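What follows is one structure encoded as structure tokens, with my remarks underneath.
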Amino acid sequence: MRHSLGWVLAASLPAGVIASVAFGGTDLDAGSVLAALTTLAPGSGPGSPDQATLVAIVFELRLPRALLAAMVGAILAMVGVMLQTVTRNDLADPFLFGLSSGAAVGAVAVIVLTGEALGIWSVPLAAFGGAMVAAGCVQLLMRRAAEQGAERLVLAGVAVSFLFGALTHLIIVAGDQRSAQSALFWTLGGLGTARWDNLAVAVAGLAALIVFALRRRRRLDALLAGDDTAHSLGVQPERLRAQTFMVCAFATACCVALAGVIGFVGLMVPHLARRHAGVLHAGLLPWAALLGALLMLGCDLAARTLLAPQELPVGIVTAIVGAGFVLALLGRDPHRN
């Protein structure tokens, strides 16, 4: 049953991408989307002007956005799984633990104050620097709060998140007002900047997570049993935590650089994935990546269609869904499986 549902999820991902391409300000039927996809196949002609416009909409606007949505959702979900493992806290995610807010400080500083001196990598590099500073702050606080209960770890992450969030808004208010308006909209989360030439940033973040997961999945499994057991199995918990935070900070920075601050995906998806995939990372991380990609595709589709032709920031949609999810967790009977 578990394997068959996994295959259904995997098959749903291409369907989700096609749906994301088909619907928007101007709806396209599936046949038109498939026709546009085959127009650029080897041997195909240029087609009519209407066909050329359709191809431009599909290839230049919607397909890069759909691919970015899927990658951002997968990255945030996998980061959430890893953070929840290394902190042994089911409330950990890149938003609540400050990684997204730290990355936002660096990215907004580039957008508002300095400009993109290094091309498309200017914002990602600045976002990575901010995320690493936030990760370092969280780790320092974690060491002091580790013996004081899981709720103190959450408070440490929330404190860092609020601090860097305040710094982000300070930069926006103090900077150039024309840039500040775009930066403020960007902090709410959005996928409108997706282009073929910047998708490499998201690919880099996703690739880093996949490589790290393949090499460290058994060590992450060992952490689930506690630090003492992990030590007995030859794992160095503190070193593994530092490595995990670094990789998660890099991947989160790649997302924030392209899509802004998007919350709750890394909190929700690991809970949903564990119900079907269990807690071992070899099965859990692929499930989380698929669910995260599908969730982000759905949220982006809702953001583009709920108030059409006006577009909602996708971060607002994920926040609404995430708030409902948290309320459902609070209302759930703790004695039910």
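Where in the stretch 166-244 are there helices (runs of 4 or more DSSP H), lying fully within it, with 3 or more residues that are within 23 Å of the chain's Cα centre (by Cα)?
On the way: elements: 177-187, 199-223, 227-232.
Result: 177-187, 199-223.
Looking only at the stretch 303-314, decide whether some residue is buried (at least 24 other Cβ atoms within 10 Å of the Cβ), touching a Cys at 6+ places or on another chain (Cβ under 7 Å) and in the same structural domain as PHE97 (by TED's automatic domain parsing).
No; the residues of the stretch 303-314 include none that is buried (at least 24 other Cβ atoms within 10 Å of the Cβ), touching a Cys at 6+ places or on another chain (Cβ under 7 Å) and in the same structural domain as PHE97 (by TED's automatic domain parsing).
Quick check: anything in the stretch 271-280 crowded, with 20+ Cβ neighbours inside 10 Å and either of a type outside the set (D, E, K, R) or touching a Lys or Arg at 6+ places or on another chain (Cβ under 7 Å) (or both)?
Yes: one or more hits.
Answer yes or no as to whether MET268 is in a helix (DSSP H, G or I) and not assigned by TED's automatic domain parsing to the domain that holds LEU96. Steps first, please.
Numbers: in a helix (DSSP H, G or I): yes; not assigned by TED's automatic domain parsing to the domain that holds LEU96: yes.
Yes: the conditions hold for MET268.
Pick from the stretch 283-337 the residues that are touching a residue at least 12 places away in the same chain (Cβ under 8 Å) and not in a helix (DSSP H, G or I): which of them is nearest to CYS248 (Cα to Cα)?
Ranking the qualifying residues of the stretch 283-337, first place goes to PRO313.
The values are calculated or read from the model by the stated rules, or taken from the named source; none is laboratory data. Here the structure is a predicted model, which means the values were calculated and not measured. Every residue, glycine among them, receives a Cβ derived from its backbone with ideal geometry; neighbour counts consider all protein chains shown.
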